[in-house]
1. Just give me the residues in segment A:140-163 being more than 7 Å from chain B (Cβ to nearest Cβ), open to solvent by 20 Å² or more (accessible area, probe 1.4 Å) and assigned to a helix (DSSP H, G or I), in sequence order.
2. On the basis of being away from every other protein chain (no Cβ under 14 Å), within 16 Å of DNA strand D (Cβ to nearest atom) and polar (S, T, N, Q), does A:Asn119 make the cut?
3. Which of the residues that make up segment A:189-202 are within 24 Å of the chain's Cα centre (by Cα) and either more than 7 Å from chain B (Cβ to nearest Cβ) or open to solvent by less than 20 Å² (accessible area, probe 1.4 Å) (or both)?
4. Condition first: open to solvent by 40 Å² or more (accessible area, probe 1.4 Å) and without any contact (Cβ under 8 Å) to a residue 24 or more places away in the chain. Now tell me which residues in segment B:103-131 satisfy that.
5. Conditions: (1) open to solvent by 70 Å² or more (accessible area, probe 1.4 Å); (2) within 16 Å of DNA strand C (Cβ to nearest atom). A:Ala45 meets all but one. Number of the miss?
6. Return only the number of the condition from (1) assigned to a helix (DSSP H, G or I); (2) under 23 Å from A:Arg175 (Cα atoms); (3) more than 8 Å from chain A (Cβ to nearest Cβ) that B:Asn167 does not satisfy.
Protein chains: 2
Amino acid sequence: MARTQGSHSGITGPKVREAAIRLFAENGYAAVSMRKIATEVGVQAGALYNYTPDKQTLLFDLLKGHMEELLGARAETPAPDDPARALEQFTRFHIRFHHERPEAVFISYMELRNLTPENFEVIEGLRRQYEDQLEDILRRGVASGAFDVTEPKIATMAVIAMLTGVNTWFREGGRLSLPEVEEIYWQMVRKAVMASVGSNQG
Amino acid sequence: MARTQGSHSGITGPKVREAAIRLFAENGYAAVSMRKIATEVGVQAGALYNYTPDKQTLLFDLLKGHMEELLGARAETPAPDDPARALEQFTRFHIRFHHERPEAVFISYMELRNLTPENFEVIEGLRRQYEDQLEDILRRGVASGAFDVTEPKIATMAVIAMLTGVNTWFREGGRLSLPEVEEIYWQMVRKAVMASVGSNQG
DNA sequence: GTCTATAGTCGGATAGAC
DNA sequence: GTCTATCCGACTATAGAC
(Lines give C-alpha, C1' and ligand atoms only; values in the text may rest on other atoms or scores of the structure.)
Protein backbone atom coordinates (compact mmCIF):
# COMPACT_ATOMS: atom_id res chain seq x y z
CA MET A 1 0.00 0.00 0.00
CA ALA A 2 1.50 3.31 -1.08
CA ARG A 3 1.53 6.58 0.82
CA THR A 4 -1.17 8.94 -0.33
CA GLN A 5 0.88 12.06 -0.89
CA GLY A 6 3.16 14.49 0.98
CA SER A 7 6.89 14.83 0.89
CA HIS A 8 8.22 11.87 2.93
CA SER A 9 11.51 13.12 1.61
CA GLY A 10 13.33 13.71 4.85
CA ILE A 11 13.90 17.38 4.04
CA THR A 12 10.56 18.72 5.13
CA GLY A 13 12.12 20.54 8.08
CA PRO A 14 14.20 22.96 6.00
CA LYS A 15 11.34 23.41 3.58
CA VAL A 16 9.08 24.47 6.44
CA ARG A 17 11.62 27.05 7.52
CA GLU A 18 12.05 28.41 4.01
CA ALA A 19 8.34 28.60 3.32
CA ALA A 20 7.66 30.26 6.66
CA ILE A 21 10.36 32.89 6.12
CA ARG A 22 9.06 33.76 2.70
CA LEU A 23 5.39 33.86 3.68
CA PHE A 24 5.98 35.78 6.91
CA ALA A 25 8.04 38.34 4.97
CA GLU A 26 5.40 38.72 2.28
CA ASN A 27 2.25 38.74 4.36
CA GLY A 28 3.20 39.13 7.98
CA TYR A 29 3.15 36.56 10.77
CA ALA A 30 -0.45 37.12 11.81
CA ALA A 31 -1.73 36.96 8.24
CA VAL A 32 -0.06 33.63 7.44
CA SER A 33 -1.87 30.47 8.46
CA MET A 34 -0.30 27.15 9.20
CA ARG A 35 -2.40 25.84 6.32
CA LYS A 36 -0.69 28.22 3.90
CA ILE A 37 2.73 27.16 5.07
CA ALA A 38 1.75 23.52 4.75
CA THR A 39 0.40 24.03 1.24
CA GLU A 40 3.65 25.74 0.25
CA VAL A 41 5.65 22.82 1.61
CA GLY A 42 3.37 20.25 0.05
CA VAL A 43 2.01 18.62 3.19
CA GLN A 44 -1.11 18.93 5.29
CA ALA A 45 -1.30 21.37 8.19
CA GLY A 46 -1.11 18.70 10.84
CA ALA A 47 2.24 17.48 9.57
CA LEU A 48 3.90 20.79 10.44
CA TYR A 49 3.58 19.97 14.11
CA ASN A 50 6.26 17.34 13.68
CA TYR A 51 8.68 20.24 13.19
CA THR A 52 7.47 22.90 15.56
CA PRO A 53 5.37 22.76 18.71
CA ASP A 54 3.42 25.82 17.59
CA LYS A 55 3.40 28.84 15.32
CA GLN A 56 4.99 31.16 17.85
CA THR A 57 7.98 28.87 18.31
CA LEU A 58 8.35 28.64 14.55
CA LEU A 59 8.68 32.43 14.33
CA PHE A 60 11.04 32.55 17.29
CA ASP A 61 13.29 29.86 15.86
CA LEU A 62 13.50 31.68 12.54
CA LEU A 63 14.52 34.95 14.18
CA LYS A 64 16.92 33.28 16.58
CA GLY A 65 18.52 31.35 13.73
CA HIS A 66 18.93 34.53 11.72
CA MET A 67 20.57 36.44 14.55
CA GLU A 68 22.90 33.56 15.33
CA GLU A 69 23.89 33.36 11.69
CA LEU A 70 24.62 37.09 11.75
CA LEU A 71 26.77 36.86 14.87
CA GLY A 72 28.45 33.71 13.56
CA ALA A 73 29.36 35.32 10.27
CA ARG A 74 30.77 38.33 12.10
CA ALA A 75 32.81 36.11 14.38
CA GLU A 76 34.39 34.39 11.41
CA THR A 77 35.65 37.67 10.01
CA PRO A 78 38.91 38.81 11.61
CA ALA A 79 38.46 42.40 12.77
CA PRO A 80 41.20 44.90 11.84
CA ASP A 81 42.80 46.78 14.72
CA ASP A 82 42.63 50.11 12.92
CA PRO A 83 39.20 51.62 13.76
CA ALA A 84 38.74 53.12 10.30
CA ARG A 85 39.45 49.80 8.63
CA ALA A 86 37.23 47.99 11.14
CA LEU A 87 34.41 50.44 10.41
CA GLU A 88 34.79 49.95 6.67
CA GLN A 89 34.71 46.22 7.15
CA PHE A 90 31.61 46.44 9.34
CA THR A 91 29.86 48.65 6.81
CA ARG A 92 30.54 46.34 3.89
CA PHE A 93 29.75 43.25 5.94
CA HIS A 94 26.41 44.62 7.09
CA ILE A 95 25.29 45.59 3.61
CA ARG A 96 26.36 42.30 2.07
CA PHE A 97 24.97 40.03 4.79
CA HIS A 98 21.64 41.79 4.86
CA HIS A 99 21.46 41.86 1.09
CA GLU A 100 21.80 38.10 0.95
CA ARG A 101 18.81 37.50 3.26
CA PRO A 102 16.26 40.22 2.61
CA GLU A 103 13.35 38.15 3.89
CA ALA A 104 14.93 37.11 7.18
CA VAL A 105 16.08 40.69 7.74
CA PHE A 106 12.61 42.01 7.06
CA ILE A 107 11.01 39.59 9.49
CA SER A 108 13.60 40.35 12.14
CA TYR A 109 12.54 43.97 12.12
CA MET A 110 8.83 43.62 11.50
CA GLU A 111 7.75 40.68 13.59
CA LEU A 112 9.40 41.48 16.90
CA ARG A 113 6.08 42.60 18.28
CA ASN A 114 4.58 39.20 17.53
CA LEU A 115 7.03 37.46 19.83
CA THR A 116 6.08 36.61 23.38
CA PRO A 117 7.89 38.85 25.90
CA GLU A 118 10.32 36.09 26.84
CA ASN A 119 11.17 35.33 23.22
CA PHE A 120 11.48 39.03 22.48
CA GLU A 121 14.09 39.41 25.21
CA VAL A 122 16.24 36.67 23.71
CA ILE A 123 16.20 38.24 20.23
CA GLU A 124 16.86 41.70 21.62
CA GLY A 125 19.86 40.37 23.51
CA LEU A 126 21.32 38.95 20.32
CA ARG A 127 20.67 42.19 18.47
CA ARG A 128 22.40 44.16 21.19
CA GLN A 129 25.45 41.93 20.86
CA TYR A 130 25.68 42.90 17.21
CA GLU A 131 25.17 46.61 17.84
CA ASP A 132 27.81 46.54 20.57
CA GLN A 133 30.39 45.47 18.02
CA LEU A 134 29.83 48.64 16.02
CA GLU A 135 29.76 50.76 19.16
CA ASP A 136 33.12 49.33 20.21
CA ILE A 137 34.63 50.25 16.86
CA LEU A 138 33.34 53.80 17.19
CA ARG A 139 34.63 54.15 20.75
CA ARG A 140 38.06 52.91 19.75
CA GLY A 141 38.12 55.41 16.89
CA VAL A 142 37.23 58.22 19.25
CA ALA A 143 39.96 57.15 21.64
CA SER A 144 42.53 57.08 18.85
CA GLY A 145 41.44 60.46 17.54
CA ALA A 146 40.38 59.06 14.16
CA PHE A 147 36.67 59.66 14.73
CA ASP A 148 34.75 62.67 15.91
CA VAL A 149 31.67 61.15 17.51
CA THR A 150 30.19 62.74 20.59
CA GLU A 151 27.63 59.98 21.19
CA PRO A 152 28.82 56.54 20.10
CA LYS A 153 25.52 54.88 20.99
CA ILE A 154 23.55 57.26 18.82
CA ALA A 155 26.03 57.03 16.00
CA THR A 156 25.70 53.25 16.23
CA MET A 157 21.93 53.41 15.83
CA ALA A 158 22.24 55.96 13.04
CA VAL A 159 24.74 53.93 11.03
CA ILE A 160 22.85 50.67 11.42
CA ALA A 161 19.55 52.29 10.42
CA MET A 162 21.19 53.83 7.39
CA LEU A 163 22.85 50.60 6.27
CA THR A 164 19.83 48.40 6.85
CA GLY A 165 17.84 50.84 4.74
CA VAL A 166 19.67 49.59 1.66
CA ASN A 167 17.33 46.61 1.67
CA THR A 168 14.30 48.84 1.18
CA TRP A 169 15.38 50.11 -2.22
CA PHE A 170 18.30 48.15 -3.68
CA ARG A 171 17.43 45.66 -6.39
CA GLU A 172 19.90 43.45 -8.27
CA GLY A 173 20.21 44.43 -11.90
CA GLY A 174 19.62 48.12 -11.35
CA ARG A 175 21.88 51.00 -12.33
CA LEU A 176 24.34 50.29 -9.52
CA SER A 177 26.02 47.08 -8.46
CA LEU A 178 26.16 46.07 -4.81
CA PRO A 179 29.92 46.83 -4.55
CA GLU A 180 29.21 50.31 -5.88
CA VAL A 181 26.48 50.77 -3.30
CA GLU A 182 28.81 49.52 -0.59
CA GLU A 183 31.38 52.10 -1.62
CA ILE A 184 28.86 54.97 -1.61
CA TYR A 185 27.57 54.06 1.83
CA TRP A 186 31.07 53.57 3.17
CA GLN A 187 32.01 57.08 2.04
CA MET A 188 28.93 58.51 3.75
CA VAL A 189 29.64 56.59 6.95
CA ARG A 190 33.29 57.56 6.87
CA LYS A 191 32.57 61.24 6.42
CA ALA A 192 29.82 61.21 9.06
CA VAL A 193 32.10 59.92 11.81
CA MET A 194 35.57 61.04 10.76
CA ALA A 195 37.39 63.71 12.67
CA SER A 196 36.78 66.86 10.65
CA VAL A 197 39.63 69.04 9.48
CA GLY A 198 37.63 72.22 9.88
CA SER A 199 34.10 73.10 10.92
CA ASN A 200 31.33 74.15 8.58
CA GLN A 201 28.25 76.29 8.78
CA GLY A 202 25.37 74.82 10.80
CA MET B 1 -36.85 54.61 26.72
CA ALA B 2 -33.09 55.16 27.08
CA ARG B 3 -30.28 53.94 24.84
CA THR B 4 -28.61 50.82 26.17
CA GLN B 5 -24.96 51.86 25.98
CA GLY B 6 -22.35 53.07 23.49
CA SER B 7 -20.92 56.49 22.97
CA HIS B 8 -23.65 58.43 21.12
CA SER B 9 -21.33 61.31 21.75
CA GLY B 10 -20.75 62.46 18.21
CA ILE B 11 -16.98 61.94 18.46
CA THR B 12 -16.88 58.24 17.75
CA GLY B 13 -15.21 58.82 14.38
CA PRO B 14 -11.98 60.29 15.80
CA LYS B 15 -11.99 57.71 18.58
CA VAL B 16 -12.11 54.93 15.99
CA ARG B 17 -9.11 56.42 14.20
CA GLU B 18 -7.13 56.80 17.41
CA ALA B 19 -7.91 53.31 18.64
CA ALA B 20 -7.08 51.78 15.27
CA ILE B 21 -3.74 53.61 15.05
CA ARG B 22 -2.73 52.49 18.51
CA LEU B 23 -3.85 48.90 18.12
CA PHE B 24 -2.38 48.49 14.62
CA ALA B 25 0.92 49.89 15.88
CA GLU B 26 0.98 47.59 18.88
CA ASN B 27 -0.23 44.36 17.36
CA GLY B 28 -0.20 44.71 13.62
CA TYR B 29 -3.11 45.12 11.22
CA ALA B 30 -3.77 41.44 10.71
CA ALA B 31 -3.70 40.68 14.41
CA VAL B 32 -6.24 43.36 15.34
CA SER B 33 -9.90 42.48 15.00
CA MET B 34 -12.71 44.91 14.41
CA ARG B 35 -14.13 43.67 17.69
CA LYS B 36 -10.97 44.77 19.55
CA ILE B 37 -11.16 48.21 18.00
CA ALA B 38 -14.83 48.46 18.91
CA THR B 39 -14.14 47.44 22.51
CA GLU B 40 -11.44 50.08 22.76
CA VAL B 41 -13.83 52.74 21.46
CA GLY B 42 -16.65 51.56 23.69
CA VAL B 43 -19.10 50.43 21.03
CA GLN B 44 -20.08 47.15 19.42
CA ALA B 45 -18.33 45.87 16.30
CA GLY B 46 -21.23 46.58 14.01
CA ALA B 47 -21.17 50.29 14.87
CA LEU B 48 -17.71 50.68 13.34
CA TYR B 49 -19.19 50.21 9.90
CA ASN B 50 -20.83 53.60 10.21
CA TYR B 51 -17.32 55.05 9.95
CA THR B 52 -15.55 52.81 7.49
CA PRO B 53 -16.83 50.49 4.77
CA ASP B 54 -14.31 47.84 5.79
CA LYS B 55 -11.08 47.18 7.67
CA GLN B 56 -8.86 47.69 4.63
CA THR B 57 -10.25 51.17 3.99
CA LEU B 58 -9.73 52.01 7.65
CA LEU B 59 -6.03 51.20 7.34
CA PHE B 60 -5.73 53.05 4.04
CA ASP B 61 -7.39 56.18 5.42
CA LEU B 62 -5.06 56.21 8.40
CA LEU B 63 -1.94 55.97 6.23
CA LYS B 64 -3.23 58.49 3.69
CA GLY B 65 -4.11 60.92 6.46
CA HIS B 66 -0.67 60.56 7.96
CA MET B 67 1.14 61.19 4.68
CA GLU B 68 -1.03 64.18 3.89
CA GLU B 69 -0.33 65.62 7.33
CA LEU B 70 3.38 65.14 6.68
CA LEU B 71 3.26 66.88 3.31
CA GLY B 72 1.00 69.59 4.68
CA ALA B 73 3.34 70.34 7.56
CA ARG B 74 6.27 70.54 5.16
CA ALA B 75 4.37 72.87 2.87
CA GLU B 76 3.72 75.24 5.75
CA THR B 77 7.41 75.59 6.49
CA PRO B 78 9.18 78.13 4.26
CA ALA B 79 12.23 76.44 2.74
CA PRO B 80 15.53 78.38 2.90
CA ASP B 81 17.31 78.97 -0.41
CA ASP B 82 20.69 77.98 0.97
CA PRO B 83 20.99 74.18 0.52
CA ALA B 84 22.83 73.69 3.80
CA ARG B 85 20.17 75.57 5.72
CA ALA B 86 17.42 73.75 3.85
CA LEU B 87 19.03 70.42 4.73
CA GLU B 88 19.30 71.36 8.38
CA GLN B 89 15.67 72.38 8.38
CA PHE B 90 14.62 69.14 6.72
CA THR B 91 16.63 67.10 9.23
CA ARG B 92 15.13 68.82 12.24
CA PHE B 93 11.64 68.78 10.76
CA HIS B 94 11.78 65.07 10.00
CA ILE B 95 12.96 64.14 13.49
CA ARG B 96 10.41 66.35 15.21
CA PHE B 97 7.43 65.42 13.06
CA HIS B 98 8.11 61.71 13.32
CA HIS B 99 8.75 61.97 17.04
CA GLU B 100 5.31 63.46 17.57
CA ARG B 101 3.50 60.55 15.89
CA PRO B 102 5.45 57.38 16.61
CA GLU B 103 2.46 55.11 16.09
CA ALA B 104 1.38 56.53 12.74
CA VAL B 105 5.00 56.45 11.56
CA PHE B 106 5.34 52.86 12.64
CA ILE B 107 2.21 51.80 10.82
CA SER B 108 3.21 53.70 7.71
CA TYR B 109 6.35 51.59 7.45
CA MET B 110 5.05 48.26 8.71
CA GLU B 111 1.62 47.89 7.20
CA LEU B 112 2.30 48.82 3.59
CA ARG B 113 2.17 45.15 2.65
CA ASN B 114 -1.33 44.88 4.03
CA LEU B 115 -2.66 47.45 1.60
CA THR B 116 -4.33 46.39 -1.63
CA PRO B 117 -2.11 47.12 -4.65
CA GLU B 118 -4.19 50.16 -5.63
CA ASN B 119 -4.06 51.62 -2.13
CA PHE B 120 -0.35 50.87 -1.92
CA GLU B 121 0.32 52.89 -5.06
CA VAL B 122 -1.40 55.93 -3.59
CA ILE B 123 0.63 55.83 -0.38
CA GLU B 124 3.86 55.22 -2.26
CA GLY B 125 3.15 58.25 -4.45
CA LEU B 126 2.77 60.44 -1.38
CA ARG B 127 5.93 59.05 0.15
CA ARG B 128 7.85 59.74 -3.06
CA GLN B 129 6.68 63.34 -2.98
CA TYR B 130 8.27 63.69 0.44
CA GLU B 131 11.51 62.00 -0.55
CA ASP B 132 11.76 64.18 -3.64
CA GLN B 133 11.91 67.24 -1.43
CA LEU B 134 15.09 65.99 0.21
CA GLU B 135 16.53 64.88 -3.10
CA ASP B 136 15.99 68.38 -4.51
CA ILE B 137 17.85 69.91 -1.60
CA LEU B 138 20.77 67.57 -2.14
CA ARG B 139 20.88 68.26 -5.88
CA ARG B 140 20.87 71.99 -5.29
CA GLY B 141 23.72 71.62 -2.82
CA VAL B 142 25.72 69.61 -5.33
CA ALA B 143 25.10 72.24 -7.98
CA SER B 144 26.23 75.02 -5.66
CA GLY B 145 29.32 73.11 -4.61
CA ALA B 146 28.26 72.95 -0.97
CA PHE B 147 27.67 69.18 -0.98
CA ASP B 148 29.76 66.29 -2.19
CA VAL B 149 27.18 63.67 -3.06
CA THR B 150 27.73 61.40 -6.04
CA GLU B 151 24.30 59.78 -5.86
CA PRO B 152 21.57 62.11 -4.57
CA LYS B 153 18.90 59.39 -4.71
CA ILE B 154 20.95 57.06 -2.55
CA ALA B 155 21.90 59.81 -0.16
CA THR B 156 18.21 60.63 0.12
CA MET B 157 17.34 57.09 1.11
CA ALA B 158 20.31 56.92 3.49
CA VAL B 159 19.44 60.14 5.29
CA ILE B 160 15.75 59.31 5.62
CA ALA B 161 16.49 55.83 6.94
CA MET B 162 18.94 57.28 9.44
CA LEU B 163 16.54 59.96 10.67
CA THR B 164 13.50 57.72 10.87
CA GLY B 165 15.59 55.34 12.96
CA VAL B 166 15.43 57.82 15.83
CA ASN B 167 11.96 56.54 16.58
CA THR B 168 13.27 53.05 17.29
CA TRP B 169 15.36 54.09 20.28
CA PHE B 170 14.58 57.63 21.46
CA ARG B 171 12.44 57.91 24.58
CA GLU B 172 11.37 61.13 26.25
CA GLY B 173 12.98 61.59 29.64
CA GLY B 174 16.21 59.81 28.77
CA ARG B 175 19.71 61.20 28.99
CA LEU B 176 19.30 63.39 25.91
CA SER B 177 16.56 65.83 24.99
CA LEU B 178 15.07 65.83 21.52
CA PRO B 179 16.80 69.11 20.54
CA GLU B 180 20.12 67.53 21.54
CA VAL B 181 19.34 64.50 19.41
CA GLU B 182 18.39 66.77 16.52
CA GLU B 183 21.72 68.50 16.80
CA ILE B 184 23.69 65.25 16.86
CA TYR B 185 21.89 63.90 13.81
CA TRP B 186 22.23 67.17 11.98
CA GLN B 187 25.98 67.11 12.51
CA MET B 188 26.18 63.58 11.16
CA VAL B 189 24.04 64.43 8.16
CA ARG B 190 26.00 67.60 7.52
CA LYS B 191 29.35 65.83 7.61
CA ALA B 192 28.11 62.93 5.50
CA VAL B 193 27.07 65.13 2.57
CA MET B 194 29.31 68.20 2.89
CA ALA B 195 32.07 68.88 0.39
CA SER B 196 35.16 67.55 2.11
CA VAL B 197 38.24 69.67 2.62
CA GLY B 198 40.60 66.74 2.16
CA SER B 199 40.20 63.01 1.53
CA ASN B 200 40.80 60.30 4.09
CA GLN B 201 41.89 56.71 4.05
CA GLY B 202 39.35 54.22 2.77
C1' DG C 1 6.12 11.22 9.04
C1' DT C 2 1.97 12.16 6.94
C1' DC C 3 -2.77 11.70 6.46
C1' DT C 4 -7.92 12.77 7.50
C1' DA C 5 -11.13 14.61 10.48
C1' DT C 6 -12.48 17.53 13.93
C1' DA C 7 -12.58 20.23 18.42
C1' DG C 8 -13.23 24.78 19.76
C1' DT C 9 -12.49 29.56 18.88
C1' DC C 10 -12.47 33.65 16.46
C1' DG C 11 -12.70 36.47 12.39
C1' DG C 12 -15.24 40.25 8.90
C1' DA C 13 -19.26 41.78 7.65
C1' DT C 14 -24.49 42.28 7.50
C1' DA C 15 -29.67 42.69 8.92
C1' DG C 16 -33.02 44.71 11.33
C1' DA C 17 -34.77 46.61 15.88
C1' DC C 18 -34.67 50.85 18.45
C1' DG D 1 -25.83 55.87 15.49
C1' DT D 2 -25.74 51.91 18.14
C1' DC D 3 -27.49 47.63 19.47
C1' DT D 4 -28.17 42.40 19.20
C1' DA D 5 -27.92 38.40 16.62
C1' DT D 6 -26.11 35.84 13.10
C1' DC D 7 -24.00 33.99 8.62
C1' DC D 8 -20.24 31.81 7.01
C1' DG D 9 -15.63 31.14 6.70
C1' DA D 10 -10.93 30.53 8.62
C1' DC D 11 -7.96 29.64 12.18
C1' DT D 12 -4.65 26.67 15.63
C1' DA D 13 -3.97 22.59 17.41
C1' DT D 14 -5.00 17.71 18.40
C1' DA D 15 -6.41 12.62 17.79
C1' DG D 16 -5.89 8.53 15.70
C1' DA D 17 -5.35 5.71 11.30
C1' DC D 18 -1.78 4.16 8.16
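The values are calculated or read from the model by the stated rules, or taken from the named source; none is laboratory data. What you see is a predicted model, and the numbers here were worked out from it, not measured in a lab. Because the Cβ atoms are built from the backbone with ideal geometry, glycine has one as well, and the counts that use them run over all protein chains shown. Heavy atoms of the whole protein, side chains included, go into the accessibility calculation; ligands, DNA and RNA do not. Shrake-Rupley method; radii C 1.70, N 1.55, O 1.52, S 1.80 Å.
1. Passing the criteria: A:Arg140, A:Val142, A:Ala143, A:Ser144, A:Lys153.
2. Considered against the rule, which asks whether it is away from every other protein chain (no Cβ under 14 Å), within 16 Å of DNA strand D (Cβ to nearest atom) and polar (S, T, N, Q), A:Asn119 comes out as yes.
3. Of everything in segment A:189-202, those that are within 24 Å of the chain's Cα centre (by Cα) and either more than 7 Å from chain B (Cβ to nearest Cβ) or open to solvent by less than 20 Å² (accessible area, probe 1.4 Å) (or both) turn out to be A:Val189, A:Ala192, A:Val193.
4. Of everything in segment B:103-131, those that are open to solvent by 40 Å² or more (accessible area, probe 1.4 Å) and without any contact (Cβ under 8 Å) to a residue 24 or more places away in the chain turn out to be B:Arg113, B:Pro117, B:Glu118, B:Phe120, B:Glu121, B:Arg128.
5. (1)
6. (2)
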